[in-house]
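Below is one structure, written out as structure tokens, with a few remarks after it.
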Amino acid sequence: MEGQTPGSRGLLEKPVTASRGLSSLSAVFILLKSALGAGLLNFPWAFLKAGGVAPAFLVELVSLVFLISGLVILGYAASVSGQATYQGVVGRLCGPAIGKLCEACFIVNLLMISVAFLRVIGDQLEKLCDFLLPSAPPALQPWYTDQRFTLTLLSMLVILPLSAPREISFQKVTSFLGTLAACYLALVIVAQYYRGPPGLAREPSPAPSPSSWTSVFSVFPTICFGFQCHEAAVSIYCSMRNQSLSHWALVSVLSLLACCLVYSLTGVYGFLTFGTTVSADILMSYPGDDGVIIVARVLFAVSIVTVYPIVLFLGRSVMQDFWRRSCCQACGPRALANPSGLLTVLWVAVTLAMALFLPDLSEIIGIIGGISSFFIFIFPGLCLICAIGTEPVGPRVKCCLEVWGVVSVLVGTFIFGQSTVAALLELL
């Protein structure tokens, strides 16, 4: 088709169906598990920040339109550009300068997400050790219950082997198990609301109305942090057997609707249970000796363990692209070597060290959510604006798509600015 880049298929052409690759169900579970991460624990607190269930749920529904739109745009952009990675799509369509910005944001965002995941896992391991040894004072607990030892051991024996495969399709089994673990946590929170958690000292007080419109918009970073599966979208789309745009749109809608259901149940019932006393980590609001909550802690740690390799896979792909470019410029294409194993070990080691020795990361969740707005709003909007010029569509359709791309970029810029300024003010 005239005007298209190599490897492009366009909107109206029949898709190339791969003989091997992800099935639709596997793609839904991997995309869903990419979003069901540590953000699940923050949603009840986000409902409190928004001023109650109604305003928070309204913001979530509005965001869902942009979230689904971003995934569909990324699939379309991947088909037009012929690239198989997020950063490759952005670099091909938007130019090398925007591509380098995308790579920088990619590395920083995924690195900090990996650190946050390990911190969450470490906290759950620490609570589990406290439950198993309730009579031992903290100073006299055995050395093997120390978080630095348990988290390091888990990283070496479980997380590193899960992160070793070079294809994302390996994660379809672990993603299914991790999705079930996250769903169990949501169901436990719902059940505990009706059951009444034992050991609560007081009745939850009603949430105040939002103090201003800025308090409602403060929920956006948590939504971005929670629903961020867009970094994996291109890799998942290119791994699918059926890569038609309509089929990808269906996969995106099903994944995010299921994700929205899990997040909404957790947010609504967690907030209604504790009201203004809800913790930023909903599991910290429950008693530590409740058996159902202990199982939820273990399964949620399993959920995070299964999503960590997906995040590492995406970050490793960016570093591999940089490695290939550097080797080609320095020694020529014959000198290329696959650094996948080395990069995997390096990523796990660096994030583990940061998780063990850095202070609490809860203050910079807003910054992570702000950076995620680039991948959910800004880069998809830019890709749509740049890609639509290569397609033989009518002027009215082209104008509507370009306007939507501009709106997406402006919304993402607003969220990034608002969340970053708020996070910096909290740090100061």
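None of the figures in this text is laboratory data; all of them are computed from the coordinates on show. Predicted model only: the values in this text are computed from it and were never measured. Methodologically, a virtual Cβ is constructed for each residue, glycine included, from the backbone with ideal geometry; neighbour enumeration extends over all protein chains shown.
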*Once both labels are modelled 7 Å past Cα along the beta-carbon direction, what's the Glu402-Val345 spacing in nm?*
5.2
*Packing-wise, with mean Cβ within 10 Å as the measure, how do 149-159, 119-129 rank, highest first?*
119-129, 149-159
*asked:* With +1 on the Cβ of every Lys and Arg and -1 on the Cβ of every Asp and Glu, and nothing else charged, how large is the dipole of the range 234-356 about its Cα centre, in debye rounded to the nearest 20?
replied: 680
*Can you check how the C-alpha radius of gyration of the range 210-295 compares to 2.2 N^0.38 Å, as a plain ratio?*
1.46
*Across 5 Å bins from 0, what is the distribution of all Cα-Cα pair distances for the range 26-151, in whole percents?*
2, 8, 10, 13, 15, 14, 12, 10, 7, 5, 3, 1, 0
*Using only Cα atoms, locate the centre of the range 282-325 and the centre of the range 83-105, then give the distance between them in Å, rounded to an integer.*
26
